[in-house]
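One structure is given below, encoded as structure tokens.
The values are calculated or read from the model by the stated rules, or taken from the named source; none is laboratory data. Since we're looking at a predicted model, the values are computed, not measured. Counting neighbours? That spans all protein chains shown, and the Cβs are built from the backbone with ideal geometry, glycine included. Note: areas computed on protein heavy atoms with side chains; ligands, DNA, RNA excluded. Shrake-Rupley method; radii C 1.70, N 1.55, O 1.52, S 1.80 Å.
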Amino acid sequence: MRMIKFKMDTSFFVILALVSSVFAGKHDIYSRHAVYGVELRDQDDVATLFNLQQKLNVDIWEHGMARVRDAEVMVSPEQSKEFFETLDNNGLKYYLKIEDVSKVLKEHEEDLAKWRRNRNNRMIFQDYPRYAEVNQYMEEIAARYPNLVTLVNAGKSFEGRDIKYLKISTTNFEDPRKPVYFMDGMMHAREWVTTPVTMYSIFRLVENLRDNERDLLEDIDWIILPIVNPDGYEFSHTDDRLWRRTRSVNLEVSTTCFGVDANRNFDVDFNTLGVSSDPCSQTYPGVAPFSEPETRIVRDILSKYLPRIQLYNNIHSHGNYVLFGFGNNTLTPNVAQLHHVAAAMGAAMDAVKLPEAGYYLIGNSGLVLYRTSGSAQDYGQHVGVPFSYTLELPGYGYDFRVPPSFIDHINEETWKGIAITARLSKIHYRSRTSRQ
Ligand SMILES: *[C@@H]1O[C@H](CO)[C@@H](O)[C@H](O)[C@H]1NC(C)=O
Ligand SMILES: [Zn+2]
């Protein structure tokens, strides 16, 4: 079997070193920003935290779950006074987790540079590849396996980057008896580990298919979109490691804050729950549904393949959750199946989990976490995908800064969840289509 090795020569590192010295101070925007763990006793505490996010724009890194998981909140020096007062007044307990975010971001960057220097012949999904490298890999795969893989250029991001996905099929997507499994990553820019997971899935299906997984390739058609939000992703490399949103500019709305939360920008109960009207907020949904070219591309994939998409897996990081609709706490008529498939996914991943990870929590996104509107997960469910999920990968206590040494494990573990849900999709798709 031929595999594409991902090699970087030394001149690349020289250039990288020069480039990184230019941006040496880029993490300073988070100087004296701290992260606090907050203990949540009940839904009132969850609400207190949510209101604090709305009012102060504190950046919630982990929403937590009452009595199960603590929340994690990044607080700037300007926000801290009111943050502490509100928590104290409501009797919430909190503790310092990260004293200076700029410092841990620098350490993370050094960790990545060291990882790159220390290993040769690394596969592209064993690292955090840049946008151009991901495209190059997809192009190479499509060129090498023309009977199996089609590269689709779906359109441009706000800043003009091509957003590309792969279609993987043994029958050129022409067999309507096969379900389509659609997964995407990197909707939120700082959630870096989501892209390696999508690329590893490409690898397992195309370059490294195991005998006992032939059915996954032969009985299912795949759409894999590794980077939904390339502008945000590149910006998170060059300027702001914690960037989450898109990078669209709308000067009538704001001259200082760019981008919207893509995962609030879909046309489903738009701008109703879990959003902020402040254009500088991490949960600002935009001026209108699908104001962003990036979300329109996901919408168009869903609509183009809708009758055959059995499962949409919208991949995020971090928290160990498999979530489903709707974000307003209303359950779908097929909730029993929706829950069963999600639980099978969680169990398959838990079976190989690292001791330092929590168990996957499964459930309705509003009931398990907090209420939202305009999410990709809800949109998929709303337009008729039977199983539409948000998958929050493990963070191992490192939040968005998952050390590169963990990527292999997350790739392998998540593939187990993807494989089992693909097989369940096949069964459910058959019974759905035979009824028609
Ligand atoms: C929740 O959202 C879904 C999807 O838009 C909708 O069908 C349902 O009616 C909503 N439920 C309530 C109580 O608003
Ligand atoms: Zn996310």
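Leu323: aliphatic (A, V, I, L, M), open to solvent by less than 10 Å² (accessible area, probe 1.4 Å), over 27 Å from Asp162 (Cβ atoms) and modelled with pLDDT of 95 or more, yes or no? Answer is yes for this residue. Only one of these conditions is not met by Val46: (1) part of a helix (DSSP H, G or I); (2) open to solvent by less than 50 Å² (accessible area, probe 1.4 Å); (3) at pLDDT 95 or above. Which number is it? Result: Val46 fails condition (3) only. Only helices (runs of 4 or more DSSP H) whose full extent lies in the range 194-295 are considered here, and the ones with at least 1 residues that are within 16 Å of ligand 2 (Cβ to nearest atom) are 194-202, 230-238.
Of the residues making up the range 262-282, those that are under 21 Å from the mean Cα position of the chain (by Cα), closer than 17 Å to Leu56 by Cα and either more than 13 Å from ligand 1 (Cβ to nearest atom) or surrounded by fewer than 23 Cβ atoms within 10 Å (Cβ to Cβ) (or both) are Val275, Ser276, Cys280, Ser281, Gln282. Here His382 meets each of (1) open to solvent by 30 Å² or more (accessible area, probe 1.4 Å); (2) within 16 Å of ligand 1 (Cβ to nearest atom); (3) not in a helix (DSSP H, G or I) with one exception, condition (3). Within the range 61-108, being modelled with pLDDT of 95 or more, among the aliphatic types (A, V, I, L, M) and under 27 Å from the mean Cα position of the chain (by Cα) holds for Ala71, Val73, Met74, Val75, Leu96, Ile98, Val101, Val104, Leu105. Selection of the range 161-170 for residues being basic (Lys, Arg) and in a strand (DSSP E or B) yields Lys164, Lys167.
Can you confirm whether the range 171-180 contains a residue that is part of a strand (DSSP E or B) and of a type outside the set (Lys, Arg)? The answer is yes, given that some residue of the range 171-180 is part of a strand (DSSP E or B) and of a type outside the set (Lys, Arg). So is Gly346 in contact (Cβ under 8 Å) with a residue 40 or more places away in the chain, within 16 Å of ligand 2 (Cβ to nearest atom), open to solvent by less than 10 Å² (accessible area, probe 1.4 Å) and not in a strand (DSSP E or B) or not? Considered against the rule, which asks whether it is in contact (Cβ under 8 Å) with a residue 40 or more places away in the chain, within 16 Å of ligand 2 (Cβ to nearest atom), open to solvent by less than 10 Å² (accessible area, probe 1.4 Å) and not in a strand (DSSP E or B), Gly346 comes out as no. Taking every residue in the range 324-336 that is more than 18 Å from Leu361 (Cβ to Cβ) and near ligand 1 (Cβ under 7 Å from one of its atoms) and pairing it with any residue that is in a loop (DSSP other than H, G, I, E, B) and open to solvent by less than 70 Å² (accessible area, probe 1.4 Å), at least 6 positions away or on another chain, the pairs with Cβ-Cβ distances below 6 Å are Asn328/Leu273. Thr238: of a type in the set (Ser, Thr, Tyr) and buried (at least 22 other Cβ atoms within 10 Å of the Cβ), yes or no? In short, no. Can you confirm whether Pro146 is within 24 Å of Met123 (Cβ to Cβ) and in a helix (DSSP H, G or I)? No, not satisfied.
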